[in-house]
1. Filtering segment 314-330 down to residues that are open to solvent by 60 Å² or more (accessible area, probe 1.4 Å) and assigned to a strand (DSSP E or B), which residue is nearest to residue 295 (Cα to Cα)?
2. Only one of these conditions is not met by residue 343: (1) farther than 30 Å from residue 455 by Cα; (2) more than 47 Å from the chain's Cα centre (by Cα); (3) of a type in the set (Lys, Arg). Which number is it?
3. Tell me, which strands (runs of 3 or more DSSP E) wholly within segment 514-570 include 3 or more residues that are more than 25 Å from residue 185 (Cα to Cα) and not polar (S, T, N, Q)?
4. Condition test on residue 102, is it open to solvent by 30 Å² or more (accessible area, probe 1.4 Å), within 24 Å of residue 196 (Cα to Cα), in a loop (DSSP other than H, G, I, E, B) and in contact (Cβ under 8 Å) with a residue 24 or more places away in the chain?
5. Of everything in segment 48-61, what is part of a loop (DSSP other than H, G, I, E, B) and either without any contact (Cβ under 8 Å) to a residue 12 or more places away in the chain or farther than 18 Å from residue 143 by Cα (or both)? Give them in sequence order.
6. What single numbered condition from (1) exposed (fewer than 15 other Cβ atoms within 10 Å of the Cβ); (2) closer than 25 Å to residue 407 by Cα; (3) acidic (Asp, Glu) fails to hold for residue 469?
7. Could you pull out every one of the strands (runs of 3 or more DSSP E) wholly within segment 140-247 that has 2 or more residues that are open to solvent by 10 Å² or more (accessible area, probe 1.4 Å) and more than 30 Å from residue 554 (Cβ to Cβ)?
Amino acid sequence: MAYKSKLKYIAKYKKKFVKKVSIEFNEFIKLENASEKVIVSPPQVEQPEIKVIGKRIQVELFDSLKPHTTYSIDFADGIKDNNEGNPLGDYCFRFSTGESVDSLEVSGYVLDAQTLDPIKGITVGLHSDLSDSAFYTKPFECVARTDANGHFTVRGIAEGRYRIYAVMDMDGTFSYSALNEKIAWNDSIIVPYCELAYRTDSVWNDDNTLDTVLTVPYTAFYPNDIHLLAFTARQTNQYIKSYNRTQHEKIEIQFALPLDTMPELEYIGSDWSNAYTLQHSLHYDTLTFWMTDTSVYYQDTLRLALTYPTVDTLGLNVKVSDTLRLVPKASRKSILAAEEKARQKKLEERDKQLKKLQKNNDTLGIEKLLAPEPMKFLCVSFNAGKGVSPYKDIGFSFDEPVTMLSDTAIHVYHMRDSIYEPIPFDFEQDSINILAYHIWGEWKPEEKYSIILDSAMFQGIWGLHNGPEEEQFSFAPLSQFSTMTVHVGSPRKGYIARLFLGGSLDRAESVDNNGTADFYLLQPGDYYVGLLDDRNGNGTWDTGDYYTKTQPENVYFINRQFKLKADWYHETDQWDIHELPLSKQKPAGMMKEKNQKSAVDIHKKNVERLNSKASQINADKKKKEERRKRAQERRERFKEIFH
């Protein structure tokens, strides 16, 4: 696919000038996803207009061009021939408003800092202004956009010293302008340069045999291995995200961010501070009020003021108050009317059935129909069963808060010789989830156990009691599980080895001073190994903050899958977490589906296309030669016949 280009200035509306770049090809072409793949550098305030007209691409630039500046229009792999869809290649058109064209380039990858997934479509830019404020006060000087693999190439760079950034530019400012924008930056200053390099290329014969290996010179641009780890800063603008009262007896309030302390509550109208049981999450970002006083929760409207800390527009810590009007979906009057209607309908249906049974003298059916309804009990859910892992916590939970009326009415039994015998155990309520309870015992693999709850041991907040409950469970034999040891080279404090089952985190263990982390009682399956550099020691990944120049905590992966089988012990080789660049560490099996497809190898595809055309030409030549030979043979035969 050949092309030529030209730049021309056209007067428009007398005062406004439009710059048009016209690129002509030798065949009809199409441009795919222009809004995603085409980017103009330096960035334009007014977006250019891009058109495809037959064999020509036309780009209209509406911004004023800066003097002595190199402009680049990067089409990535968006240009394709119209018939077969073969991409032209990584094509970029450059022109300059000065006497020379700046031609330096830098390239690399932008990855999600928490998962190492490549980030597609994020804007990467350079600043020659090395001050920290340039990122959020000025637009980028040179820009590029990442492809599906997170790869970028910034072109048209002049010699000098730069800082490099990335931002998911949601408002088109080409700068960091909102806290919810995903960003990345490199702590080091980069100095673009180029040098002569050589690579090998192969020439193949028509029969796909190697003809010649050539050493070809080319210009290599550096740095070409920049890795930017993108993150979203921790939000500081606290607010009430949602609140609802789906039923009279239950109120749920959710905050946008975790809180350090419980919000201050003020009850407006009447004081109902003693009319509920409170359930909250670990960091108070979710509050659930289980209402216990009918005189309060029968009210159709309750008002509650909450005071909590947040950060104002100047970055100062302040307290704000929000007043909530808590109204259920249906009023108490409408609920009572609906219940009465349902009761009347049920009585009418029962009377119809009774008359039918009396007519048929069905005494058993009449007795069953008139029998009192069964007593309603609290709903109890156990989390045990057959073949439970010894690693699993044993316990049960309720659908509503309860009060334990007796601490002697729960029993745990161990089956020995087909007889259940009582065993000692510890019993406690979960420290966060007030609906859950844990039972701790000396559990043994391949053994059977039973938990029995006596009737009326627990009473719910709305008066219901539990019925007699029994749960039988057993623990799986150790031979059904696998064990794995991860060896990390050059360990240091804060390293946490992590095992992923499929794409989800399954276990995490601290790496000891010898660089070892042991994982026991693993279910057989396909695992991946990762590592978290937990710098602050809180056990979880922490994001970064540009204004404090804090990079996010680093994560690493072993780029392979570990198939663990039952009764297996597996250990990794000594793992150098820096052996592979971050862009090559994430296993393909863990990639998000949209990123699993690798970018098209354009050079390879174009070579294949040329080879295919060459093969077709050779095949056509052979056919012509064969037809010529057959025609010559026919002429010779005719001569023999007539002579």
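1. Restricting to residues being open to solvent by 60 Å² or more (accessible area, probe 1.4 Å) and assigned to a strand (DSSP E or B), the top hit is 325.
2. Every condition holds for residue 343 apart from (1).
3. Output list reads 516-522, 525-533, 562-564.
4. Criteria met by residue 102.
5. Result: 54, 55.
6. (1)
7. It comes to 193-204, 210-222, 240-247.
Residue-wise test of (1) of a type in the set (Phe, Trp, Tyr); (2) out of contact with any Phe, Trp or Tyr (no Cβ under 7 Å at 6 or more places or on another chain); (3) under 20 Å from residue 329 (Cα atoms).
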{"position": "247", "(1), (2), (3)": "no, yes, yes"}
{"position": "251", "(1), (2), (3)": "no, no, yes"}
{"position": "256", "(1), (2), (3)": "no, no, no"}
{"position": "260", "(1), (2), (3)": "no, yes, no"}
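The values are calculated or read from the model by the stated rules, or taken from the named source; none is laboratory data. If you're wondering where the values come from, they're calculated on a predicted model, not measured in any experiment. Here the Cβ is made from the backbone with ideal geometry for all residues, glycine too, and neighbour counts use every protein chain on show. All accessible areas refer to the heavy atoms of the entire protein, side chains included, with ligands and DNA or RNA removed. Shrake-Rupley method; radii C 1.70, N 1.55, O 1.52, S 1.80 Å.
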